[in-house]
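Single-structure report; data block below.
The values are calculated or read from the model by the stated rules, or taken from the named source; none is laboratory data. Just so you know, these numbers come straight off a predicted model, no measurement behind them. Cβ sites come from the backbone with ideal geometry, for glycine too, and all protein chains shown count toward neighbours.
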Amino acid sequence: MESEPISSPSAFQHLMQAPEDPIIGVTTAFSKDPSPVKLNVGVGAYRCEEGKPYVPQVVREAELRLLNDLSRNKEYLPITGNPQFTGLSAKLIFGEDSPALNQKRVCTVQCLSGTGSIRVGAEFLAKHYAHKTVYIPIPTWGNHPTIFTVAGLEVKSYTYYDSNTRGLDYEGLLRDLNAAPSGVVVLLHACAHNPTGVDPTADQWKGIQKLIRGKNMLPFFDCAYQGFASGNLIKDAFSVRLFAGDGGECFVAQSYAKNMGLYGERVGALSMVCGSESVAKRVESQVKLIIRPLYSTPPIHGAAVAATVLGDRELFNEWKADLQGMADRIIHMRQLLHEALKARGTPGDWSHIIKQIGMFSFTGLTKEQVAFITDKFHIYITFDGRVSMAGLSVKTVPYLAEAIHIAVTTVLE
Ligand code: PLA
């Protein structure tokens, strides 16, 4: 006979049901939907033309090499991670001939993908930096304010996007950062700004650099899409190299989730460009004290894969070609969606779809229109109207265009 479960009072009775994450929750809802026509363009995850998750061939090759190398073991990595990986990551973002690297002013540590790298950097700043405020763009990736807040920094914002022009509000950005106190931390998206797909031009970056350096602020770059914006790793590192090359200090969080397709492997790095070699050494000793009680040491596998690709000329070249292919496919999806909307005569100017850069299109769809599209068409989009172009294919573009057309023509804004 089965005994009745005993219901005892819980110490957690007072807990409220927490809301789903606005991005990850979209994938959860998508997974539960039984519809055969469902489409997930919420989370930024690259899909191949067949709509399937994509593992680059170089990653498979690197994994095979690692598997066959019987000299490899499973011992703990150092607290700062795989030294081959961190060295190669720093070169990838700062460039082979980077003065900061040559002067040994950079401390790079392996962290848990982009999120973990930003978090470790934020924890470090909350503990050791004189100013406890970070300025983030409006809008920005939804996790940014939370990461900095839980680390103990005060989060303030600066103007970034102009919803009328669907472009950068450069004047607003300069105005807000000018009005901010000297010395504060400023979060910048290195390229392919999420969610807007709007990046400053080279000249605008120089203007931002002048302002930030003039006010002795600390730039903190989130670089989650190197190679995904233009298809070119060097081009996409322009903003970071500009700041790292001017002799000043900056932080850079790198993620290999998107550009190497290593999402769930959690591969990333935090680089702290310091004023001198001796400061960089002390910074490294202190960042270890942050990491050790958090997760002790980072995982081995993903960083070994990335290091194998980055450190082998043949694999590296193959990866570059693959990146170009992924970026080109995304650009093609932009063109197709734009054409499909124009062909339907969908009201509005949709040229921003082809102008925006990177993985996402910030469509301008309202919350209500998104809810309508998800409800009627089983197409999953984040509520801010951001569509992951990397989740589309030649086959699914017309379906999305149709859904957008009907939503825009029937749902009041
Ligand atoms: N920074 C930005 C700007 C991002 O868009 C993301 C991921 C990250 C950092 C962190 O990625 P990582 O920790 O996996 O390296 N943004 C995704 C996924 C792709 C997510 O929200 O977690 C997005 O759909 O916005």
Log entry, pairs with first residue in segment 165-182 being modelled with pLDDT under 95, second being assigned to a helix (DSSP H, G or I) and not hydroxyl-bearing (Ser, Thr, Tyr), beta carbons closer than 6 Å, six or more apart or on different chains, reads Arg166/His352
For segment 354-371, the count of residues that are over 21 Å from Lys342 (Cα atoms) and either without any contact (Cβ under 8 Å) to a residue 40 or more places away in the chain or of a type in the set (S, T, N, Q) (or both) equals 2
Within segment 179-208, the count of residues that are under 20 Å from Ile357 (Cα atoms) and outside any loop (DSSP other than H, G, I, E, B) comes to 9
When (1) free of Cβ contacts under 8 Å to residues at least 60 places away in the same chain; (2) within 16 Å of the ligand (Cβ to nearest atom); (3) not in a helix (DSSP H, G or I) are applied to Val150, the one that fails is (3)
Restricting segment 374-409 to residues that are assigned to a loop (DSSP other than H, G, I, E, B) and away from the ligand (no atom under 16 Å from the Cβ), the one farthest from Thr201 (Cα to Cα) turns out to be His378
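Yes/no per residue for (1) among the charged types (D, E, K, R); (2) within 30 Å of Ile138 (Cα to Cα):
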| residue | (1), (2) |
| --- | --- |
| Ala304 | no, no |
| Val309 | no, no |
| Glu314 | yes, no |
| Met326 | no, yes |
| Leu365 | no, yes |
| Glu368 | yes, yes |
| Met389 | no, yes |
Exactly one of Ala306, Ala244, Ala257 is within 16 Å of the ligand (Cβ to nearest atom) and crowded, with 24+ Cβ neighbours inside 10 Å, and that residue is Ala306
Counting only residues in segment 330-373 that are of a type in the set (Val, Ile, Thr) and within 16 Å of the ligand (Cβ to nearest atom), the one nearest to Tyr46 (Cα to Cα) is identified as Ile330
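Residues are listed down the side, and each one gets a yes or a no for (1) closer than 27 Å to Ser182 by Cα; (2) crowded, with 23+ Cβ neighbours inside 10 Å; (3) assigned by TED's automatic domain parsing to the domain that holds Val155; (4) in contact (Cβ under 8 Å) with a residue 60 or more places away in the chain:
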{"residue": "Leu64", "(1), (2), (3), (4)": "no, no, no, no"}
{"residue": "Gln84", "(1), (2), (3), (4)": "no, no, yes, yes"}
{"residue": "Pro99", "(1), (2), (3), (4)": "yes, no, yes, yes"}
{"residue": "Phe124", "(1), (2), (3), (4)": "yes, no, yes, yes"}
{"residue": "Ala130", "(1), (2), (3), (4)": "yes, no, yes, no"}
{"residue": "Gly142", "(1), (2), (3), (4)": "yes, no, yes, yes"}
query = For segment 19-31, does any single residue satisfy the condition of being at negative phi and away from the ligand (no atom under 16 Å from the Cβ)?
reply = no
Report yes if Ala390 is assigned by TED's automatic domain parsing to the domain that holds Asn259 and crowded, with 20+ Cβ neighbours inside 10 Å, otherwise no.
no
- Query: Does segment 103-125 include one or more residues that are in a loop (DSSP other than H, G, I, E, B), among the hydrophobic types (A, V, I, L, M, F, W, C) and more than 16 Å from the ligand (Cβ to nearest atom)?
  - Reply: no
Over segment 53-102, the set of residues in contact with a Lys or Arg (Cβ under 9 Å, 6 or more places away or on another chain), farther than 22 Å from Ala253 by Cβ and in a helix (DSSP H, G or I) is Leu66
Flagged pairs (Cβ under 6 angstrom, 6 or more apart or on separate chains; first in segment 299-325, at negative phi and of a type in the set (Gly, Ala, Ser); second part of a helix (DSSP H, G or I) and buried (at least 22 other Cβ atoms within 10 Å of the Cβ)) are Ala303/Phe85; Ala306/Phe85; Ala307/Phe85
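Residue by residue, here is whether (1) within 24 Å of Asn194 (Cβ to Cβ); (2) buried (at least 22 other Cβ atoms within 10 Å of the Cβ); (3) modelled with pLDDT of 95 or more holds:
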{"site": "Glu314", "(1), (2), (3)": "no, no, yes"}
{"site": "Asn317", "(1), (2), (3)": "no, no, yes"}
{"site": "Ala321", "(1), (2), (3)": "no, no, yes"}
{"site": "Leu337", "(1), (2), (3)": "yes, yes, yes"}
{"site": "Ala343", "(1), (2), (3)": "no, no, yes"}
{"site": "Asp349", "(1), (2), (3)": "yes, no, no"}
{"site": "Met359", "(1), (2), (3)": "yes, yes, no"}
{"site": "Gln369", "(1), (2), (3)": "yes, yes, yes"}
{"site": "Ile373", "(1), (2), (3)": "yes, yes, yes"}
From the option list Pro137, Pro99, single residue qualifying as away from the ligand (no atom under 15 Å from the Cβ), at negative phi and at pLDDT 95 or above is Pro99
